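Engineer: Here you go, one structure.
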Amino acid sequence: MADSSAHFDIDMTQGTLKLVPQGDWRARFLGALDDDLRNFADDSVGRDLVIDMSHVDRLDTVGAMMLQRTMRTCSGRGEGSEFTGASEAHAALLAQVEDHLNPCHVEPEHGNPFLAVIERLGKGVVDAYYAALEVMSFIGLTLATAMRVIANPMKMRWTSTVYHMEEAGMNAIPIVGLMSFLIGAVVAFMGAKILRMFNADIFTVELVGISVLREFGVLLTAILIAGRSGSAFTAQIGSMKIREEIDAMRVLGLDPMEVLVLPRVAALVVMLPVLAFFAAMLGILGGGLVAWLAMDISPALFISRFQETMVLNHFWAGLIKAPFFAFVIAVVGCFQGMEVEGSAESLGQRTTLSVVQSLFLVILIDAFFAMFYLEIDF
């Protein structure tokens with residue numbers, strides 16, 4: 001019934017419906033037979049069927065499942081329905097695939113798109129609630145570990161802390177400096193275009209100073225560190241989790257919080273204020289350069305105006321936020337690394353979550369500080 005090395009015949013000479021498969025019943029030869037075999041099964045519903053396997057040369061899982069499917073479609077599987085003439089290997093394969101013919105139950109699509117959106121939103125809120133609880137629990141564990149180490153400074157891993165200060169802090173200076181310089185230049189350039197319309201070019205100095213010192217310097221530095229160092233913390237600890245190195249630490253009596261988490265947190269809390277200060281200085285330098293080239297405000301005039309109008313509160317308002325940003329970034333990065341389950345896919349997902357959660361918390365803390373400064377007029 002098909003021009004291939006696999007085919008079948010139908011024999012009804014003795015009054016019994018008999019299917020006689022012949023040839024090589026492997027996947028590569030069965031594509032052309034599928035429709036014919038399905039049509040035969042549909043036409044034979046309710047009748048006993050005998051499948052004679054004595055002429056089958058080779059059989060694989062696909063061929064066995066097609067023959068079992070045909071047998072199952074014939075609903076009248078009484079004593080007269082059976083496989084005959086099968087070799088021991090073919091009979092074992094047919095028996096093995098018989099229990100795996102049940103169709104997969106596909107979850108039906110939601111009929112109402114609005115309800116689907118509400119369901120997904122609700123699930124997201126619940127997941128966010130439990131994620132927040134887990135992060136808060138890890139923050140408490142980190143603070144408890146820090147108190148324990150402060151009480152016994154000999155437990156502090158100073159070599160590891162200094163290493164991470166260099167890796168997460170000092171090595172980030174070029175990218176942080178370049179970004180801050182360009183941001184300061186962009187702020188000055190955009191402010192110059194607007195202020196020139198009101199003949200208020202000189203106020204570009206205040207615009208650059210306040211925006212860079214209070215917000216852009218520390219905030220953009222934190223965003224860069226979250227994407228650079230926070231994700232690196234997750235990847236490093238997650239890789240150790242996959243290789244079961246953290247379990248080995250526990251077996252040796254070492255606390256992963258003391259060995260892995262606390263040095264990273266301490267290093268970032270120390271280095272982020274330094275990076276924020278450096279970023280603020282480079283941002284003001286970029287703004288001053290644009291003011292000189294685009295608005296004819298000389299460096300001497302820019303510095304003089306800056307000293308007259310800028311108060312120290314603007315500087316401290318930005319720098320005070322840096323340790324809080326650093327703590328959140330480091331804790332979230334380490335927490336997501338500890339949550340890696342043992343596969344590359346899990347590591348990638350946790351690294352992405354680390355960056356997203358860190359950025360969200362940094363913006364949230366920055367908004368809190370903005371409202372707090374507004375209330376105390378700082």
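Residues are listed down the side, and each one gets a yes or a no for (1) touching a Gly at 6+ places or on another chain (Cβ under 9 Å); (2) of a type outside the set (D, E, K, R):
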| residue | (1), (2) |
| --- | --- |
| Leu252 | no, yes |
| Asp255 | no, no |
| Pro273 | no, yes |
| Ala279 | yes, yes |
| Gly288 | yes, yes |
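Engineer: Separate question: Could you check the stretch 7-51 and list, in sequence order, the residues that are in contact (Cβ under 8 Å) with a residue 40 or more places away in the chain, surrounded by 19 or more Cβ atoms within 10 Å (Cβ to Cβ) and not hydrophobic (A, V, I, L, M, F, W, C)?
Structural biologist: Passing the criteria: only Pro21.
Engineer: Taking Gly230 as meeting all but one of (1) more than 17 Å from Ala185 (Cα to Cα); (2) not in a helix (DSSP H, G or I), write down the number of the exception.
Structural biologist: Failing condition for Gly230: (2).
Engineer: Are any of the residues in the stretch 199-219 of a type outside the set (Asp, Glu) and assigned to a loop (DSSP other than H, G, I, E, B)? Before you say what the answer is, go through the steps one by one.
Structural biologist: The first filter runs over the stretch 199-219 and keeps only residues of a type outside the set (Asp, Glu), leaving 199-200, 202-205, 207-214, 216-219.
Imposing the further condition that a residue be assigned to a loop (DSSP other than H, G, I, E, B) reduces the set to 199-200.
Yes, because at least one residue in the stretch 199-219 is of a type outside the set (Asp, Glu) and assigned to a loop (DSSP other than H, G, I, E, B).
Engineer: Has the stretch 168-188 got any residue that is open to solvent by less than 30 Å² (accessible area, probe 1.4 Å), at pLDDT 90 or above, assigned to a helix (DSSP H, G or I) and in contact with a Pro (Cβ under 7 Å, 6 or more places away or on another chain)?
Structural biologist: The answer is no, given that none of the residues of the stretch 168-188 is open to solvent by less than 30 Å² (accessible area, probe 1.4 Å), at pLDDT 90 or above, assigned to a helix (DSSP H, G or I) and in contact with a Pro (Cβ under 7 Å, 6 or more places away or on another chain).
Engineer: Just a yes or no: is a residue in the stretch 249-263 part of a helix (DSSP H, G or I), in contact with an Asp or Glu (Cβ under 8 Å, 6 or more places away or on another chain) and touching a residue at least 40 places away in the same chain (Cβ under 8 Å)?
Structural biologist: No, the stretch 249-263 contains no residue that is part of a helix (DSSP H, G or I), in contact with an Asp or Glu (Cβ under 8 Å, 6 or more places away or on another chain) and touching a residue at least 40 places away in the same chain (Cβ under 8 Å).
Engineer: Could you check the stretch 61-161 for helices (runs of 4 or more DSSP H) lying wholly inside it with 1 or more residues that are at pLDDT 90 or above, over 30 Å from Trp25 (Cβ atoms) and open to solvent by 40 Å² or more (accessible area, probe 1.4 Å)?
Structural biologist: Numbers: elements: 61-73, 88-98, 113-151.
Output list reads 113-151.
Engineer: Let me ask something else. Within the stretch 22-38, identify whether any single residue is modelled with pLDDT of 80 or more, more than 15 Å from Met71 (Cα to Cα), in a strand (DSSP E or B) and among the small types (Gly, Ala, Ser), and answer yes or no.
Structural biologist: Yes; the residues of the stretch 22-38 include at least one that is modelled with pLDDT of 80 or more, more than 15 Å from Met71 (Cα to Cα), in a strand (DSSP E or B) and among the small types (Gly, Ala, Ser).
Engineer: Still on this structure, I have one more. Would you confirm whether any residue within the stretch 290-306 is modelled with pLDDT of 90 or more, open to solvent by less than 30 Å² (accessible area, probe 1.4 Å) and over 16 Å from the mean Cα position of the chain (by Cα)?
Structural biologist: There is no residue in the stretch 290-306 that is modelled with pLDDT of 90 or more, open to solvent by less than 30 Å² (accessible area, probe 1.4 Å) and over 16 Å from the mean Cα position of the chain (by Cα).
Engineer: Which residues, taken from the stretch 176-206, are of a type in the set (Lys, Arg) and in contact (Cβ under 8 Å) with a residue 24 or more places away in the chain?
Structural biologist: Across the stretch 176-206, the qualifying residue is only Arg196.
Engineer: In addition: Among the residues of the stretch 315-357, which ones are in a helix (DSSP H, G or I) and in contact with a Lys or Arg (Cβ under 8 Å, 6 or more places away or on another chain)?
Structural biologist: Ala317, Gly318, Ala330, Gly333, Cys334, Gln336, Gly337, Met338
Engineer: Any residue that is more than 35 Å from the chain's Cα centre (by Cα) and open to solvent by 30 Å² or more (accessible area, probe 1.4 Å) - is there at least one of those in the stretch 234-253? Spell out the reasoning first.
Structural biologist: Taking the stretch 234-253 first, the residues more than 35 Å from the chain's Cα centre (by Cα) are none.
No: zero hits.
The values are calculated or read from the model by the stated rules, or taken from the named source; none is laboratory data. This is a predicted model, so every value here is computed, not measured. Note that each Cβ is placed from the backbone with ideal geometry, even for glycine, and that neighbours are counted across all protein chains shown. Protein only, heavy atoms only, side chains kept; ligands, DNA and RNA dropped before computing areas. Shrake-Rupley method; radii C 1.70, N 1.55, O 1.52, S 1.80 Å.
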